[in-house]
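Remarks on the structure that follows.
The values are calculated or read from the model by the stated rules, or taken from the named source; none is laboratory data. Everything quoted here is computed from the prediction, not taken from an experiment. Positions of Cβ are backbone-derived with ideal geometry, glycine not excepted, and every protein chain shown enters the neighbour counts. Accessible surface areas use protein heavy atoms only, side chains included; no ligands, DNA or RNA. Shrake-Rupley method; radii C 1.70, N 1.55, O 1.52, S 1.80 Å.
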Amino acid sequence: MFLREACYIPVTVARQYGSPSALRRRQLRELNRMIEYARARVPYYRDDPRYSRPPLTALADLSDLPVLDKEVLRERPLENLLADGVDPATCRSFQTSGSTGRRVRILHDDASHDYHGAALVRRFLATGRYLPTDRLTHIRPFAPPARMFERLNLFRRHVILSHRPMAEIKAELLANRPKVLIGYPVHLRALLRALTDAELTRLRRTLRIVMTESELLLPEHRAMFAERFGAPVFDEYSAFEVLNVAYDCTHGRAHLSEDRVHCEIVDDRGRTLPAGEEGHVVVTSFLERAMPLIRYDLGDIGLIEPGRCGCGRRFRVLRLTKARSNDFVTLPGGERLYPDAFLHLAATHPGISECFVHQEATGLVRLHVVPGADGADGADGLFESVRARLFELAGGDFPLEVVTAESVTITPGGKGKFVTSDYADAPG
């Protein structure tokens, strides 16, 4: 509720500067409470003897528990993961983005969601530029209900649905004259392609902050947004299953929301890796009580950056490196190309606006290229240069077909779908 969320705001702001030792003690205490609660109240954990264990004595002990895969959420009935006595009608309900074609319902209790809402205020304040009275335009696939504080002209959010025609999106955006623009990177790139120089000049007169979310943001795309929009760019990493995971500071580093989530980077066997080593991003949102998810694999690849950030925050820093770990094409030698390879290709190769790829069951990789304004007239030469660059990135030739596309495929959740594969014989 509004009052509780408002009371949490100063708490969430202060906790990012607290001592690391106090933070770790709190995380350990809250994790033990959550595990005890889950094995007593949630059928999924109660039925698994691996969760019947003594309390954790250190955060590292969490690695003794199994990693929870997304397939569990897809295959199990909601009641199996919901705590006893929880009425779904009293919870905040979300659906995952459906990047696999199957959407999953997620429930959050009011108390944990209110803390998350307060922590989102911290995300905006971390820009060093945002004021609660700033006009904000949010391009997204759905419009959430208005909040009470918006009636007081605080944290107002003007939503433009991303599936609308681009002409309508542009007109509404320019009419709103926002100081803050938020959107998925794929939609912001499409917006930049559609805006004329005069329209971009109009937008830049008021725009002070650009914020991205929900997809991997490459350094090249961050730099392009900052240069074209004329405003600094701040990214957020979140998922409907666990809500906010990390938020950018003015140094451009993504701080984990460690007062409400514990993040691990793990190898393929679920063992926690040290800072600096790349692996699967696994998160436990330890304040949840409706639908607790313990050691939940978000499906992304990243690492914890060693050392402290110069901004003064004590929360650790996460860096995503390859986006989704289950989205890849497999080369003849067993090597994999993840979405970051194709995003990087589109961001750096002349004549390309976007590209996405599908691997056939035969192993053929079909690369779909959305030509840029400087590549539309020379498709043959562009395709040959794209082939050469992709072979260079892959370290050798492989079965590849390059074709033209008008736009990137968008998932039901509004995200860009950059890699799909029917190649069932891919080495594990």
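Solvent-accessible area per residue in the chain equals 44 Å², computed with a 1.4 angstrom probe and all protein chains kept.
Shown in residue order for segment 299-308 are the 3J(HN,Hα) couplings computed by the Karplus curve 6.51 cos²θ - 1.76 cosθ + 1.60 at θ = phi - 60°: x, 10, 10, x, 8, 8, 6, x, x, 9 Hz (x for Gly and Pro). Here the accessible area of segment 318-428 is 49 percent carbon and sulfur, with a 1.4 angstrom probe and all protein chains present.
The string of couplings for segment 263-270 from the Karplus curve (6.51, -1.76, 1.60, θ = phi - 60°) is 10, 10, 10, 10, 8, 5, 9, x Hz, one whole number per residue in order, with x for Gly and Pro.
For segment 1-82, carbon and sulfur atoms together expose 57% of the accessible surface, with a 1.4 angstrom probe and every protein chain in place. Each other residue within a Cβ distance under 10 Å of T90 adds +1 if Lys or Arg and -1 if Asp or Glu, for a net charge of -2. Note that segment 120-127 has calculated 3J(HN,Hα) couplings of 5, 4, 4, 4, 6, 5, 5, 6 Hz, one per residue in order, obtained from phi through the Karplus relation 6.51 cos²θ - 1.76 cosθ + 1.60 (θ = phi - 60°); glycine and proline are x. Of all lysines in the structure, the ones whose alpha carbon falls short of 27 Å from that of K170, not counting any fewer than 8 places away in one chain, are K179, K415, K417. Here, segment 181-282 has an Rg and a Dmax of 16.3, 53 Å when only alpha carbons are counted.
Highest-first packing order for the peptide set 388-397, 274-283 is 274-283, 388-397, based on the mean count of other beta carbon atoms within 10 Å. Both radii were evaluated on the Cα set of the chain; the Rg over Rh quotient, with Rh as the Kirkwood radius, amounts to 0.96. Given R0 = 60 Å, the distance between the Cβ atoms of V13 and E406 translates into a calculated FRET efficiency of 0.85.
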